[in-house]
1. Sort out which residues of region 156-173 are under 27 Å from the mean Cα position of the chain (by Cα), aliphatic (A, V, I, L, M) and at pLDDT 95 or above, and write them in order of number.
2. Within region 127-180, restricting attention to residues that are acidic (Asp, Glu) and surrounded by 14 or more Cβ atoms within 10 Å (Cβ to Cβ), which residue is farthest from residue 238 (Cα to Cα)?
3. Among the numbered criteria (1) at pLDDT 95 or above; (2) surrounded by 18 or more Cβ atoms within 10 Å (Cβ to Cβ); (3) under 22 Å from the mean Cα position of the chain (by Cα), which one does residue 280 miss?
4. Among the residues of region 273-284, is any in contact with a helix residue (DSSP H, G or I) (Cβ under 8 Å, 6 or more places away or on another chain), of a type outside the set (Gly, Ala, Ser), under 25 Å from residue 110 (Cβ atoms) and not assigned by TED's automatic domain parsing to the domain that holds residue 182?
5. Hey, can you tell me all the residues within region 205-251 that are crowded, with 19+ Cβ neighbours inside 10 Å, of a type in the set (D, E, K, R) and in a helix (DSSP H, G or I)?
6. Specify the residue that is farthest from residue 294 (Cα to Cα); the eligible residues are those in region 185-195 that are modelled with pLDDT of 95 or more and assigned to a loop (DSSP other than H, G, I, E, B).
7. Quick check on residue 230: is it more than 23 Å from residue 304 (Cα to Cα) and of a type outside the set (A, V, I, L, M)?
8. Restricting to region 74-105, and then to whatever is small (Gly, Ala, Ser) and modelled with pLDDT of 95 or more, can you tell me which residue is surrounded by the fewest Cβ atoms within 10 Å (Cβ to Cβ)?
Amino acid sequence: MTLDNRFTRKALAALALGSASALVLAGCAGASESTDDPSASAGGTDMISAERCAENEAAGPITFLTSFVYVASVGLLDVVTADELGYFEDMCLDVTIEPGSNNTQLVSAGTAQFAGVGSPSDVMVAIDNGADISAIATYGNTPAIMLMTNSDITDLSQLVGTTAGYKGAIPPQISAMIAADGVDPDAIEWVSVGYDATILPQGQVDALTGYKSNEPIVLESQGYEVTQWDPADYGIESAFNTQIVNNTFAAEHPTAVEDFLRASFAAYAWINESEENLDEALSYAEALSDAGYDLALSKLRWQTEVGLVEESQPEGTVLGYQSVEQWTPEAEMLLSNALITTEPDIAAAIDPSFVEAIYADGVLVWPAP
C-alpha cells in the first residue's frame, strides 16, 4: 500500500510522534511516516490524488448537522475539529457545520448530507417513518442512557408508584432495564420534562433519565449526589452516537462519504493524543457556540464518552464499525415498546462499507490513498 506522506498544518502535529501511537482509534492504532519536506504540503491534491480530489469536489457543498448544538460529544467534536484543522479541505471536501434540528428529516430531504444522531434507535425510527437515510458509523457499543435517582432509592422496585422524568420519549433501554429487574415500567408515572436536571434532587421527580456523559456530571458539579442505574448492568445491549447520510448522496459520491469519515476519525485521534489537543478542540466548539460554553464540563463529557467508546469496542473491530448483530437488541426494544410499526431491515439501514474502506488491517488510512 502506497500512501502520500506529505501532511498539512496540524495534520503533521497529529503524527508528530512518528509512530503507530499517533492514530489510536478505540483500541486500534494507525500511523504514517513523516515527510522529508513538511512545508511542501499545501492541501488539496497534495493530500490525495488529483482524481480522488476531483471526485470529492464533485460532491459540492456538504452540510453536517450536529446532534445537539456544539457539545463535546464523540461524532461531533471530532467533526468540528476536522474542519478547523483543515482535514476536510485536505480531502477536497467543502463542509459546513450547523447546529442540528430534525436531523433525520433534513438529511432525508437532502437539505443536509450528513448528521449525527443519538443512537441506532433514532435511525430505525426515522426509517420506519419513511426517511431515506443510512447509518455509516456508530461510535459506542454500550448504552449511553441511564436512569438517575436520589440516594433513598436503593432498588428499582421502589420506583413503583413514583414519578420519572424523560425527554422526548421514554428510552427503550430504560424500560427494558426496569422490566429485566422484574418491575412493570407501566407502574411508574412517566412525565415529559425539560433539560434542567436539578428537578431530581429538588424532588420534582423521583427518577430522571439522562446521559452518562451529561446530567450526572452537571449535577455533581453543582454539589448534588445521585444514584445511577446503568442498563448495561442488567444485560441491556445498545449503542450510541451514530452518523447518518442521505442515501442518494452516498450512492452518487461514495469517496466523499469515505473521506468525510476518514477526516473525522483522524481528528478523533488527534484530539485524544494529548490534553492540550483536547483543550484546543474544545476552544473550536466554544467559538462556534452562541450561548455560554462550560469548558470544564465539556472536557469531562468528551473524556467520559471516549472512555465508553474504548471500553465497549468489540474485539477485532474498529472505530465506527456497524453490524446487524450490533443493532438487533435495539431493534427488539423498539418493537417491544411499540416505537416502530414493523420489524426493521437492519442490513438495509446500515452501510458499513464506508468505514471498511478507510481502514487497512485495523489501521486508519490517513491521508487518503
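The values are calculated or read from the model by the stated rules, or taken from the named source; none is laboratory data. What you see is a predicted model; the values in this text were computed from it and never measured. Note that each Cβ is placed from the backbone with ideal geometry, even for glycine, and that neighbours are counted across all protein chains shown.
1. Scanning region 156-173 gives a single hit, 164.
2. Restricting to residues being acidic (Asp, Glu) and surrounded by 14 or more Cβ atoms within 10 Å (Cβ to Cβ), the top hit is 132.
3. With respect to (1) at pLDDT 95 or above; (2) surrounded by 18 or more Cβ atoms within 10 Å (Cβ to Cβ); (3) under 22 Å from the mean Cα position of the chain (by Cα), residue 280 is out only on (2).
4. no
5. Answer for region 205-251, where residues must be crowded, with 19+ Cβ neighbours inside 10 Å, of a type in the set (D, E, K, R) and in a helix (DSSP H, G or I): just 215.
6. Within region 185-195, the subset modelled with pLDDT of 95 or more is 187-193.
Now restrict to residues that are assigned to a loop (DSSP other than H, G, I, E, B): 188, 193.
On the way: 188: 34, 193: 23 Å.
Per the criteria, the residue is 188.
7. Considered against the rule, which asks whether it is more than 23 Å from residue 304 (Cα to Cα) and of a type outside the set (A, V, I, L, M), residue 230 comes out as no.
8. Per the criteria, the residue is 86.
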